[in-house]
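J.: Take a look at the following structure, please.
What follows is calculated from the coordinates using simple rules that are stated; it is not laboratory data. As the structure is a computational prediction, the values presented were derived from the model and not from experiment. Cβ placement follows ideal geometry from the backbone for every residue including glycine, while neighbour counts extend to all protein chains displayed.
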């Protein structure tokens, strides 16, 4: 669709001329819920760094592995923060395939992501969708969408997938993570995926892509392994701790090659004692 068309799933107050994080991400994942302006930015970034689509798919694959890891440990309710636009392999599909009674709340600030989520999830009484700024932790955990569905006396799987690199240090990402940790009961889990590299590994070829994304969509903050470890302080990290995304519980040896050890992003899952 071009920027002059408004599909039935897009709210009337959406600015079709301004790209959004959720729709750019949807395009990179191969989804159909994006506009020409999103594709223009996404394609320009891909022209600078063609491997970026693979990077995005790796974040998605980590989400699936993390949810399955939690399911195997008895978690049956999930809070997906910055959830974006649902695509194949989303949290409720993974969780409810294992247990149809599993409950999921999706939370995102993007109205298109929320509108489409609500449209495709109509009739699924075990899923709620919340439009909110997930940095407002108190508002999220006290919302009717969360409280009516999630039981805070039982473990909750909190998901921050490709989220925290959009939260600069000035907005206290450490405090945000800590507040969610304090809000959920013991036995809960947190899964985080985050863009970043180790010191000295930054490829100058990424500078143009980062500049295009920062100007056109949203500022990104890349963090090192040590900085990601600081973000998840207070959780007991499961092995192998903070790892390159392809190296965190890979599904097969084919997912682990030489490039995996230099993948520009980290993932971790931790448990609240």
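J.: Using a 7 Å offset from the Cα along the Cα-to-Cβ direction at both residue 186 and residue 119, what is the distance between the two label points in nm, to one decimal?
T.: So the two model labels end up 4.6 nm from each other.
J.: May I ask you to compute the full-extension gain from residue 55 to residue 138, defined as 0.36 nm times their residue separation minus their alpha-carbon distance, rounded to one decimal in nm? Could you put the intermediate results ahead of the total?
T.: Numbers: separation 83, 0.36 × 83 = 29.88 nm, distance 3.17 nm.
Length difference between fully extended and current span is 26.7 nm.
J.: State the extension gain, in nm to one decimal, for the chain segment bounded by residue 251 and residue 222, taking 0.36 nm per residue of separation less the distance between their alpha-carbons.
T.: On the way: separation 29, 0.36 × 29 = 10.44 nm, distance 2.60 nm.
Full-extension gain reported as 7.8 nm.
J.: Compare the peptides 71-82, 105-116 by average per-residue count of other Cβ atoms within 10 angstrom and give them in order, highest first.
T.: Working: 71-82: 20.5, 105-116: 22.9.
Highest-to-lowest ranking by the protection proxy: 105-116, 71-82.
J.: If you don't mind, another one. Of 49, 127, how do they rank once you tally other Cβ atoms within 10 Å and put the fewest first? Don't jump to the answer; show the numbers that get you there.
T.: Values: 49 20, 127 26.
Starting with the residue having the fewest Cβ neighbours, the order is 49, 127.
J.: On the first, second and third principal axes, largest extent first, how far apart are the outermost C-alpha atoms of region 52-271 in Å?
T.: 47, 37, 32
J.: By how many nm would the segment from residue 18 to residue 147 lengthen if fully extended, with 0.36 nm per residue of separation less the alpha-carbon distance?
T.: Details: separation 129, 0.36 × 129 = 46.44 nm, distance 3.30 nm.
Here the segment from residue 18 to residue 147 would lengthen by 43.1 nm.
J.: Label-point separation (nm) for residue 40 and residue 99, each offset 7 Å from Cα along Cα-to-Cβ?
T.: Reported label-point gap for residue 40 and residue 99 is 4.7 nm.
J.: Fewest Cβ neighbours within 10 Å first, please rank 229, 198 accordingly.
T.: On the way: 229 16, 198 13.
Ascending Cβ contact count within 10 Å gives the list 198, 229.
J.: OK, next. Between region 152-194 and region 15-83, what is the separation of their alpha carbon centroids in Å?
T.: The distance from the Cα centre of region 152-194 to that of region 15-83 comes to 18 Å.
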